[in-house]
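Please treat every number below as a calculation from the coordinates, not as lab data. Computed from a predicted structure; not experimentally measured. For neighbour counting, all protein chains shown are included, and Cβ atoms are generated from backbone atoms with ideal geometry for every residue, glycine included.
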Amino acid sequence: MNILIIGSGGREHALAWKIKQSSKCERIYVAPGNGGTESIATNLHLNLEDFQEIADAITEHTISLLIVGPEEPLVRGLVDFLNEEKSLKQLKIIGPSAKGAQLEGSKEYAKEFMIRHKIPTAAYKTVTKENLKETLKYMEQWEPPYVLKADGLAGGKGVIITEELEEAQRSLTQLIANKKFGKAGEKVLLEKFLSGLEVSFFVITDGKDYQILPEAKDYKRIGERDTGLNTGGMGAVSPVVFADRDFKEKVNKQIIKPTIEGLQKEGIHYCGFIFFGLMAVNGQPYVVEYNVRMGDPETEVVMPRIKGDFLKLLVAAADRSLAEREIEYEKFTATTVVYVSQGYPEHYEKGHEIIIGDTKAALPFHAGTKMEEGKLITNGGRVIALTGLGESLKEALSKSYAGGDEVHWEGKKFRQDIGFDLKALGQ
Ligand code: AMP
Ligand code: GLY
């Protein structure tokens, strides 16, 4: 079968890499893709804002399965649009409708959903222009730190966490008055701070049944020891030592199952990935956020840890027969280290030539790269992720870094301490 993957990151490269191993896979297309996907698939230069252009490409390339990598097209209703197309009745799609995508598209919607279905999450209050004044006063009774979140999609940059009451009050006022995040900032959530260990769980669901993929931990901050600005993610590790059997059972029972059942009860047909961003607070899982897609760079460690034919699992999800499937994990540890452009996540340059040596110690998953006139050049903040596989965290990391040593461009930056907290926990 022919497959189209929407997106251009390391996530999409890792999905294409895994799917290509299936005997059922004929041709893979990635739109728009990157310099890495070009070597294992065909990149299509589609405008992702133009759903008709995507529909036409699906027909032209006789695509049987569509996988939507990023959240934006989902929240904007790509799946609803394609489902309406009479000529695409046979198309299998991995990705929810706009309604389902609201779990990520609106943090307030996600919170209300969790409350309706008794899913553990931090207490919160929605703030708008109307109740801003009273909230500023009411915050005086909250214990710091203060967590502020723009309601809508803000590309991972819509969260402010501060210890200072005055700073929190100022930020909240600015968020609402200045609409710092545009439409996404018209509503802001003031949330209780959860203190604990972060871990991400992923499921693929057909709307009724689900399979849990390997868990992962990502490293969002730019600086060593989790300091500095938030990024899309600077590295990831799977498995995660503190997510033991007991914890996984709690996650399944208290979070995953009620989420899938909640979607069903509300009549939202959901076929796709759900990413549960969790905080383990004294061994109890709480939902920090839902995403309606796989994580990046988490996918770069999750895919290598899935045993067997992932494409068959995706097809089963689209055909609503996931109950008949069993997912198996590889026992080894996978780590990924993301190599980024100097200046990221703020201003950075593009267009530097990338020279890649012998990276066979690790799997290279490209993100911000592109081929131009026969040369591979940088084309984004996060440039390439190197995934190492090993018997231990230490071995996997040494392979990630050995792979990274073989990749060169002007201004290459990376975190040297991926997994530091897990090492401290004995992993
Ligand atoms: P989000 O965009 O909701 O994933 O938030 C980004 C990051 O902020 C999360 O990965 C957490 O590290 C942190 N965060 C968000 N909400 C909370 C919370 N209620 N308590 C503690 N940390 C949080
Ligand atoms: N790495 C976090 C995310 O994909 O949202």
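Cut-off under 19 Å on the C-alpha distance; same-chain residues fewer than 8 positions from K375 excluded. Which aspartates and glutamates are left, in chain and number order?
Qualifying aspartates and glutamates at Cα under 19 Å: E38, E349, E353, D358, E406, E410.
Among the aspartates and glutamates, which fall within straight-line cross-link reach of K24, defined as a Cα-Cα distance under 16 Å, with same-chain neighbours fewer than 8 residues apart omitted?
Straight-distance partners of K24: D309, D319.
With Rg and the Kirkwood Rh both taken from Cα atoms, where does Rg over Rh land for the chain?
Expressed as Rg/Rh, it is 0.95.
Quick one: which residues, 5 or more positions from S97 or on another chain, have an amide H under 5 Å from its amide H? H modelled 1.01 Å from N in the peptide plane, none for Pro or chain starts.
C271
Relative to the compact-globule scaling 2.2 N^0.38 Å, provide the ratio for the alpha-carbon radius of gyration of segment 354-421. Intermediate results must be reported in sequence, preceding the final value.
Working: Rg = 12.5 Å, N = 68, 2.2 N^0.38 = 10.9 Å.
For segment 354-421, the normalised Cα radius of gyration is 1.15.
Compute from the Cα atoms of segment 282-342 the Rg and the Dmax, the latter being the longest Cα-Cα distance, and quote both in angstrom.
15.1, 47
Arrange C271, C25 by Cβ neighbour counts within 10 Å, fewest through most, would you?
Ranking C271, C25 by Cβ neighbours within 10 Å, fewest first, gives C25, C271.
When you take every Cα atom in segment 33-99, what is the radius of gyration, and what is Dmax, the widest Cα pair distance, in Å?
So, for segment 33-99, Rg and Dmax equal 11.9, 35 Å respectively.
Search the structure for amide H atoms under 5 Å from the amide H of I28, placed 1.01 Å from N in the peptide plane, and list their residues when 5 or more places away or on another chain.
It is I3, T42, by chain and number.
Apply the Karplus curve 6.51 cos²θ - 1.76 cosθ + 1.60, θ = phi - 60°, to the phi angles in segment 271-281 and return the couplings in whole Hz, x for Gly and Pro.
For segment 271-281, the Karplus curve yields 10, x, 8, 10, 10, 9, x, 10, 10, 8, 10 Hz.
Taking θ = phi - 60°, what integer Hz values does the Karplus form 6.51 cos²θ - 1.76 cosθ + 1.60 yield along segment 193-209, in sequence order, with x for Gly and Pro?
Rounded to whole hertz, the list is 7, 9, 9, x, 10, 8, 8, 10, 10, 9, 10, 10, 10, 9, x, 10, 10.
Tell me the Kirkwood radius of segment 1-156: reciprocal of the mean inverse pair distance over distinct alpha-carbon atoms, in Å.
18.0
Once every Cα of segment 153-298 carries one equal point scatterer and solvent is ignored, give the base-10 log of I(q)/I(0) from the Debye formula at q = 0.17, 0.21 Å⁻¹, two decimals.
Evaluating at q = 0.17, 0.21 Å⁻¹ gives log10 I(q)/I(0) of -1.11, -1.38.
With label points built 7 Å along Cα→Cβ from the Cα atoms of M1 and E324, find their separation and express it in nm.
Result for the modelled spin labels: 1.3 nm.
Give me the percent of Cα-Cα pairs in segment 317-361 that sit more than 12 Å apart, rounded to a whole number.
81
Highest first, please rank the peptides 297-310, 57-70, 350-363 by the mean number of other Cβ atoms sitting within 10 Å of their residues.
Per-residue Cβ counts within 10 Å, averaged per peptide and sorted highest first, yield 297-310, 57-70, 350-363.
Calculated FRET efficiency, A424 and K360, Cβ-Cβ r, R0 41 Å, to nearest 0.05?
0.85
Determine the sum of side-chain charges near D319: Lys and Arg each +1, Asp and Glu each -1, restricted to other residues whose C-beta is under 12 angstrom from that of D319.
Numbers: positive: K92, K208, K312, R320, R325; negative: D206, D209, E324.
Computed value for this residue: +2.
Would you grab the residues whose amide H sits under 5 Å from the one on V383? Only those 5+ places off in sequence or on another chain, please, with H modelled 1.01 Å from N.
The list, which skips near neighbours in sequence, is Y339, V340, S341, G368.
Taking the mean number of other Cβ atoms within 10 Å as a proxy for protection, how do you rank 329-339, 282-292 from highest to lowest?
Sorting 329-339, 282-292 by mean packing, highest first, produces 329-339, 282-292.
Show me 384-396, 137-149 ranked by packing, highest mean number of other Cβ atoms within 10 Å first.
The peptides rank, most packed first, as 384-396, 137-149.
From the C-alpha coordinates alone, can you work out the Kirkwood hydrodynamic radius of segment 274-427, in Å?
Values: mean 1/r = 0.0572 Å⁻¹.
Taking every pair of different Cα atoms in segment 274-427, averaging 1/r and inverting gives 17.5 Å.
Holding the Cα-Cα limit at 25 Å, pick out from K187/K350; K307/K399; K18/K118 the pairs that are longer than that.
Pairs exceeding the cut-off: K187/K350; K18/K118.
Distance check, please: which entries in K20/K331; K149/K253; K217/K312; K217/K394 exceed 20 angstrom between their Cα atoms?
K20/K331; K149/K253; K217/K312
Can you work out the base-10 log of I(q)/I(0) for segment 233-314 at q = 0.17, 0.24 1/Å, using the Debye formula on its C-alpha atoms alone?
So the normalised log intensities are -0.86, -1.42.
Convex hull volume of the Cα atoms in segment 112-236, per residue, in Å³?
Per-residue hull volume (Cα only) is 144 Å³.
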